[in-house]
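Written out below as structure tokens is the structure these notes cover.
The values are calculated or read from the model by the stated rules, or taken from the named source; none is laboratory data. Please read these numbers as outputs of a predicted model, since none were measured by experiment. Neighbour counts are summed over all protein chains in view; Cβ atoms, including those assigned to glycine, are modelled from backbone coordinates with ideal geometry. To get the accessible areas, we keep the full protein, side chains included, count just its heavy atoms, and leave off ligands, DNA and RNA. Shrake-Rupley method; radii C 1.70, N 1.55, O 1.52, S 1.80 Å.
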Amino acid sequence: MSILDFDKSGKLIVLDIGIISAYSSWLFYVPVILDTGATTTILSTDVLAGLGYDPGNPNLRRTRIITGSGVEYSPCINVKGMIVAGEKVNDIEVLCHDLPAEAGIDGLLGLNFVKNFDLTIAYGSGKLHFNSI
């Protein structure tokens, strides 16, 4: 089991996730929001491009997402792996979509990552418990 602290006084649960580059040569950490209402993890175009992925590839499958400003179609990319609190999921699909800059985050951690764990959110102590299934 891995445990990750979060700021329980905040309005959102912000955490840093590691994303493995397209060439599996390095790992880059970005701030995201834990979003148990998102079925798929979302990462920004700049982050994915900087890691060697090609979010502009016209051959990528696109998924319909509903945002605050309407319906959009976002490219789907499989990243080599993601790490949260030392827990890794290999070959995971993410949606490439830019969130407003004012949010100060690079994406949303969705259920396609979380479903690999028994996740406990202990708000009283400000801790996330990731227990491998």
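Descriptive notes on the structure:
- Annotation note: Cβ proximity below 7 Å between a residue of region 33-62 that is in contact (Cβ under 8 Å) with a residue 12 or more places away in the chain and a residue that is of a type in the set (Ser, Thr, Tyr) and not in a helix (DSSP H, G or I) (sequence gap 6+ or interchain) occurs for 51/21; 52/21; 52/23; 62/73; 62/74.
- Criterion violated by residue 129 - all others in (1) more than 28 Å from residue 23 (Cα to Cα); (2) outside any strand (DSSP E or B) satisfied: (2)
- Selection status of residue 112, farther than 23 Å from residue 130 by Cα, open to solvent by less than 70 Å² (accessible area, probe 1.4 Å) and not in a strand (DSSP E or B): no
- Search result, residues across region 51-86 that are charged (D, E, K, R) and assigned to a strand (DSSP E or B): 62, 64, 72, 80
- In region 4-39, the residue that is most open to solvent (accessible area, probe 1.4 Å) out of those that are at pLDDT below 95, closer than 17 Å to residue 90 by Cβ and hydroxyl-bearing (Ser, Thr, Tyr) is 23.
- Failed item in (1) more than 15 Å from residue 130 (Cβ to Cβ); (2) touching a residue at least 40 places away in the same chain (Cβ under 8 Å); (3) in contact with a helix residue (DSSP H, G or I) (Cβ under 9 Å, 6 or more places away or on another chain), with residue 77 passing the rest: (2)
- Those strands (runs of 3 or more DSSP E) lying entirely in region 1-47 with at least 3 residues hydrophobic (A, V, I, L, M, F, W, C): 14-20, 27-34
- Region 82-110 residues that are within 21 Å of residue 2 (Cα to Cα) and at pLDDT 95 or above, paired with ones that are among the basic types (Lys, Arg) and open to solvent by 30 Å² or more (accessible area, probe 1.4 Å) (beta carbon under 9 Å, 6 or more apart): 82/88; 90/80; 91/80; 92/80
- For region 40-85, taking the residues that are hydroxyl-bearing (Ser, Thr, Tyr) and crowded, with 18+ Cβ neighbours inside 10 Å, the one that is nearest to the chain's Cα centre (by Cα) is identified as 41.
- Residue in region 62-69 that is within 19 Å of residue 30 (Cα to Cα) and not charged (D, E, K, R) present: no
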